[in-house]
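Chemist: Dropping the structure in here first, questions after.
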Amino acid sequence: MEIKKCVRCGSLYTTDNDVCNECLIKDKVEVIKLRGVINEGLEVGTTKQDLAIKSGITSRNLERYLKTEEFSGIYFPETSCDLNNNEILKGTIEV
Ligand SMILES: [Zn+2]
């Protein structure tokens, strides 16, 4: 039996999940929120920061959810700064 430390609250647990049982519920609620925000339709150029603000999820947890299979196909730049730089490089934004 492997003892793991919960990434959300630091408690020890032995299940196969990424977090302890208590946080598993919080994770589920947040993933539903995140899914909702994404399904509502996002503006082009929505960053991880925007997403965190819109969904009320901390960037640390958001980072974790975005790595899951469900969201791994969607790309979000870290900040709008990243985006602007990339877009300017590609010449798609008029400055
Ligand atoms: Zn926990």
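The values are calculated or read from the model by the stated rules, or taken from the named source; none is laboratory data. Please read all numbers here as calculations on a predicted model, not as lab measurements. Cβ sites come from the backbone with ideal geometry, for glycine too, and all protein chains shown count toward neighbours.
Chemist: For region 16-70, give me the residue count where each residue is in contact with a Pro (Cβ under 9 Å, 6 or more places away or on another chain) and basic (Lys, Arg).
Modeler: The total comes to 1.
Chemist: So which residues in region 41-92 are aliphatic (A, V, I, L, M), modelled with pLDDT under 85 and surrounded by 13 or more Cβ atoms within 10 Å (Cβ to Cβ), if there are any at all?
Modeler: 83
Chemist: Right, next: Taking region 1-51 only, how many residues are under 15 Å from residue 64 (Cβ atoms), more than 9 Å from the ligand (Cβ to nearest atom), part of a loop (DSSP other than H, G, I, E, B) and charged (D, E, K, R)?
Modeler: 1
Chemist: Just the residues that are within 14 Å of residue 61 (Cβ to Cβ) and surrounded by fewer than 12 Cβ atoms within 10 Å (Cβ to Cβ), please, taken from region 11-22.
Modeler: none
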